[in-house]
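Some notes on the structure that comes next.
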Amino acid sequence: EGTVVEWNSAAERMFGHSAAEAVGRDMSELIIPPEQRADHRRGATRHWFGGEGMALQRLTSMSALRVDGTTFPVELYIAPINSDPPLYTGFIRDITDRLALETRLRQSQKLEAIGQLAGGVAHDFNNILTVVMMQAKASAEIPGMPADALEGLEEIEACALRGAELTRQLLLFSRRQVMQMKDVQLNDV
């Protein structure tokens, strides 16, 4: 009938109801969020009167309700107890921390994929920029190049250098290296 006949200390801690408050009450009113109660009752009724539909002896994920009205994710396993009238025992685990860890893992995997993509794009783009810079330098050395064309070539080279710096930063990001920028004397290095 869905009435609580036993409520242990773990249930007291998880849901916030004392055993005295819980025993004798409808289980769905204690731990099922209001928006899910009708579905829960329909499923329980189908099981009690038709022997089907209830999540018996299989692990199920669902939302549960604390005494303060907050909901949290749980895993639930319901097993029948051979008795007359039929009784059931439920094993419930709060999976809030596990879901948070899974979310962080997925985020970490996404960042890793982005880093790999950024590294590949930066490497290819760097090759393109090298050709642009070399062609700009070579074109600037052509005898008799007009002054306005030389200015344009210098601008192209400056932009390509800025692009190369961005690709360097992307490559650093993709390798997860800490960037330590400093001025150096190339001859000393």
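The values are calculated or read from the model by the stated rules, or taken from the named source; none is laboratory data. Here the structure is a predicted model, which means the values were calculated and not measured. Please note: Cβ atoms are built from the backbone with ideal geometry, for glycine as well, and neighbour counts cover all protein chains shown. Just so you know, the surface numbers come from the protein's heavy atoms only, side chains and all, with ligands and any DNA or RNA stripped out. Shrake-Rupley method; radii C 1.70, N 1.55, O 1.52, S 1.80 Å.
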Exercise. Which condition number does TYR88 fail, the rest of (1) touching a Pro at 6+ places or on another chain (Cβ under 6 Å); (2) open to solvent by less than 70 Å² (accessible area, probe 1.4 Å); (3) assigned to a strand (DSSP E or B) being met?
Worked result: (2)
Problem set entry | Qualifying residue in the range 6-15 (condition: in contact with a helix residue (DSSP H, G or I) (Cβ under 6 Å, 6 or more places away or on another chain) and either at pLDDT below 95 or not in a strand (DSSP E or B) (or both)) | yes
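Residue by residue, here is whether (1) over 30 Å from PHE15 (Cα atoms); (2) part of a helix (DSSP H, G or I); (3) over 40 Å from the mean Cα position of the chain (by Cα); (4) not β-branched (Val, Ile, Thr) holds:
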| residue | (1), (2), (3), (4) |
| --- | --- |
| LEU101 | no, yes, no, yes |
| ILE114 | yes, yes, no, no |
| GLU155 | yes, yes, yes, yes |
| ALA164 | yes, yes, no, yes |
| LEU170 | yes, yes, no, yes |
| VAL189 | yes, no, yes, no |
Seminar exercise, completed: Checked ASP97, ASP68, ASP84 against criteria (among the charged types (D, E, K, R), closer than 30 Å to MET27 by Cβ and touching a residue at least 40 places away in the same chain (Cβ under 8 Å)); the one match is ASP68
Problem set entry | Every residue from the range 122-159 that is closer than 23 Å to SER174 by Cα, open to solvent by 80 Å² or more (accessible area, probe 1.4 Å) and touching a residue at least 12 places away in the same chain (Cβ under 8 Å) | HIS123, PHE125
Problem set entry | Which listed residue, of GLN116, GLN109, is touching a residue at least 40 places away in the same chain (Cβ under 8 Å), on the phi < 0 side of the Ramachandran plot and loosely packed, with under 13 Cβ neighbours inside 10 Å | GLN116
Exercise. So which of VAL121, VAL67 ends up being among the β-branched types (Val, Ile, Thr) and assigned to a helix (DSSP H, G or I)?
Worked result: VAL121
